[in-house]
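First comes the structure, then the notes that go with it.
Nothing in this text is a laboratory measurement; each read-out follows from the coordinates by a stated rule. Quick caveat, the model's predicted, so the values are computed rather than measured. As a convention, Cβ positions derive from the backbone with ideal geometry for all residues, glycine included, and neighbour counts pool all protein chains shown.
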Amino acid sequence: MYKKDKKTISVAVHPGLRRILLKNPTQESLSTIIEYQLFEQASPPLSDDILRLLPSWEQQALEGNEVLAGLIQYMSQQSLSFIKNQKIIQANLLRIRILASTPGIISFPATEIQENLINFLKSSDILADLPELEVVSFSANEIKPLSSDLARFRLTPHSRRYIQNLFHPERREAILSVLAHITKNYPLISTCRQAYALMLSLDNPDIWGNHPFCVRLIANRFWDNKIMKTTEA
């Protein structure tokens, strides 16, 4: 975790130098950013630079630039208003941070997935069946209100709203972390592609309750609990 040194004085940095420091983060450039308190300089607006850098940062994260994760973590501690007010930017930075901090590199062209997302999302909900996702747990009490709907394989609008609330920020980050690991390290490249497609499709935190992958994840835990109770009986 990066903590602000109260003795550090903000130093004016030319916008061109700022863009250079942010473009390809290294440990040296990150230290400079922290030393100069780069994110406290309001003019010119930082948001434009960040928006332009997102595609480049995405690729660097997929290629294993772990320093990028540290940079985004540091940014998140600076209470930047343009990040707080835009959920999509928050989601992009979260995904990039998780990918950057996950060991490994991808073995497929990311643009292939980004440009054909719908195709790669077909049947991608089956990734919820992978053993890797078993680390994401839901308590029996959390699932109980959904029991009737899940048993009938039919969710009411109320149930979907309830499911949405189950995917709080910590759980969303845990799921994205597993998907990032699969993206970079799973032995089947087709599964790697689907995992990355899922990460992209989960950009909007407000749609998790309706996402087929998320619903299947909860349904799996429901049936796991049912089987466990039957076995114990």
**Study point:** Taking Phe108, Phe213 and counting other C-beta atoms within 10 Å, the order from fewest to most
**Key:** Phe108, Phe213
Revision key, fill the gap. Straight-line reach check, Lys184, cutoff 12 Å on alpha carbons, 8 or more apart in-chain or any other chain, hits among aspartates and glutamates -> Glu63
Review point. Taking the Cα atoms only, what angle lies between the long axis of helix 189-201 and the longest principal axis of the chain, rounded to 10 degrees?
Key: 70
Study note, to complete from the structure: Under a Gaussian network model of the chain whose springs join Cα atoms within less than 10 Å, the largest fluctuation of Ile143, Ile96, Ile175 belongs to Ile143
Check your understanding: Roughly what angle does helix 212-232 make with the longest principal axis of the chain, taking Cα atoms, 0 to 90 degrees, to the nearest 10?
Key -> 50
Review point. Per the helix-only calculation at 222 nm, which mean residue ellipticity applies to the chain, given -39500 (n - 2.57) for every DSSP H run of n ≥ 4 and division by its residues, nearest 500 deg cm²/dmol?
Key: -18500 deg cm²/dmol
Check your understanding: Based on Cβ point charges of +1 for Lys and Arg and -1 for Asp and Glu, what charge dipole magnitude is obtained for the stretch 107-233 about its Cα centre, in debye rounded to the nearest 20?
Key -> 420
Check your understanding: When the convex hull of the Cα atoms of the chain is projected onto a plane and the area is averaged over all directions, what value comes out in nm²?
Key -> 15.0
Check your understanding: Pulled fully out, how much extra length does the chain show between Arg52 and Thr156, if you take 0.36 nm times their separation in residues and subtract their Cα-Cα distance?
Key -> 33.4 nm
Exercise for review: Enter the Cα centre distance for the pair the stretch 194-212 and the stretch 107-183, rounded to the nearest angstrom.
Suggested key: 8
Practice item. Quick one: net charge around Trp57, please, counting Lys, Arg +1 and Asp, Glu -1 for every other residue with C-beta under 14 Å from its C-beta. Key: +1
Check your understanding: Counting pairs of alpha carbon atoms under 8 Å apart in space and at least six apart in sequence, what relative contact order in percent does the stretch 96-183 give?
Key -> 57
Practice item. Please give the helix 157-166 orientation as an angle from the longest Cα principal axis of the chain, in degrees from 0 to 90, rounded to the nearest 10. Key: 50
Review point. Dipole of the chain (Lys/Arg Cβ +1, Asp/Glu Cβ -1, origin at the Cα centre): which of Gly70, Leu117, Asn225 lies farthest to the positive side?
Key: Asn225
Review point. How high is the relative contact order of the chain, in percent, counting Cα pairs under 8 Å that sit 6 or more residues apart?
Key: 21
Practice item. Considering Cα pairs under 8 angstrom that are at least six residues apart, work out the relative contact order of the stretch 16-137 and quote it in whole percent. Key: 25
Revision key, fill the gap. Within the under-13-Å Cβ sphere about Thr191, not counting Thr191, Lys/Arg +1 and Asp/Glu -1 give a net charge of -1
Exercise for review: Could you pull out the trypsin sites (Lys or Arg not before Pro) across the stretch 157-233 that fall in loop regions by DSSP (anything but H, G, I, E, B) with no more than 12 other Cβ atoms inside 10 Å?
Suggested key: none
